[in-house]
Amino acid sequence: MSSGIENPLRLSFTVNGATLELDIDARASLLDVLRERLGFTGTKKGCDHGQCGACTVHIDGRTRLSCLTLAAKMNGRQVTTIEGLSDGDTLHPMQTAFIDHDALQCGYCTPGQIMSAVACVRQGYAGSPESIRDFMSGNICRCGAYVGIVAAVADVAANSREG
């Protein structure tokens, strides 16, 4: 059975804890594979040039811009999207903190912001508002919810709710 892809590349990787195998176009970005092939639409396509951070995911526990990442490089890797942070109906502590601190307005950048915020805490960069702002500087919020974002990250870091 044809996959409809010219010169397909077989890819095996883990997304949000589930191991997947699929044929992809070797030129496809991770963002396009996640959204268009796998249905993980929480990861947003903003600028498609690596400048806004809306497409931020975790690859093997580190933040990466999925619009600049070739899906072909994911063989054997572990990818976590915003959908993979929650545990069923229980939100991740950072998701809850974003709600509690009104750290969003339109919500378009929020998934990427949250993915970076989780990494900020996990990697130990949430010790001060300045450090949080510096770590989060690659994620743009056109609505200007930065005060709430910094407060949410600081809250999770201070209360060790990151888990």
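For the stretch 127-138, the criterion of being touching a Cys at 6+ places or on another chain (Cβ under 6 Å), open to solvent by less than 80 Å² (accessible area, probe 1.4 Å) and in contact (Cβ under 8 Å) with a residue 40 or more places away in the chain is satisfied by no residue at all. Only one of the numbered conditions (1) out of contact with any helix residue (DSSP H, G or I) (no Cβ under 9 Å at 6 or more places or on another chain); (2) farther than 23 Å from ASP48 by Cα; (3) in a helix (DSSP H, G or I) is violated by SER137, and that is (2).
Yes or no: SER116 modelled with pLDDT of 95 or more, surrounded by 15 or more Cβ atoms within 10 Å (Cβ to Cβ) and of a type in the set (Ser, Thr, Tyr)?
Details: modelled with pLDDT of 95 or more: yes; surrounded by 15 or more Cβ atoms within 10 Å (Cβ to Cβ): yes; of a type in the set (Ser, Thr, Tyr): yes.
For SER116, the condition - modelled with pLDDT of 95 or more, surrounded by 15 or more Cβ atoms within 10 Å (Cβ to Cβ) and of a type in the set (Ser, Thr, Tyr) - is met.
With respect to GLY124, determine if the residue is within 30 Å of LEU9 (Cβ to Cβ), at pLDDT 95 or above, open to solvent by 30 Å² or more (accessible area, probe 1.4 Å) and over 12 Å from the mean Cα position of the chain (by Cα). Criteria not met by GLY124. Within the stretch 92-110, the set of residues being open to solvent by 20 Å² or more (accessible area, probe 1.4 Å) and in contact with a helix residue (DSSP H, G or I) (Cβ under 8 Å, 6 or more places away or on another chain) comprises PRO93, GLN95, ASP100, HIS101, ASP102, LEU104. Among what's in the stretch 35-73 and is closer than 18 Å to ILE5 by Cα and in contact with a strand residue (DSSP E or B) (Cβ under 7 Å, 6 or more places away or on another chain), pick the residue that is most open to solvent (accessible area, probe 1.4 Å). Only one residue fits best here, namely ARG37.
The values are calculated or read from the model by the stated rules, or taken from the named source; none is laboratory data. In this text the structure is predicted, and so the values were computed from the model without any measurement. A quick note on method: Cβ atoms are made from the backbone with ideal geometry, for glycine too, and the neighbour counts reach across all protein chains shown. Heavy atoms of the whole protein, side chains included, go into the accessibility calculation; ligands, DNA and RNA do not. Shrake-Rupley method; radii C 1.70, N 1.55, O 1.52, S 1.80 Å.
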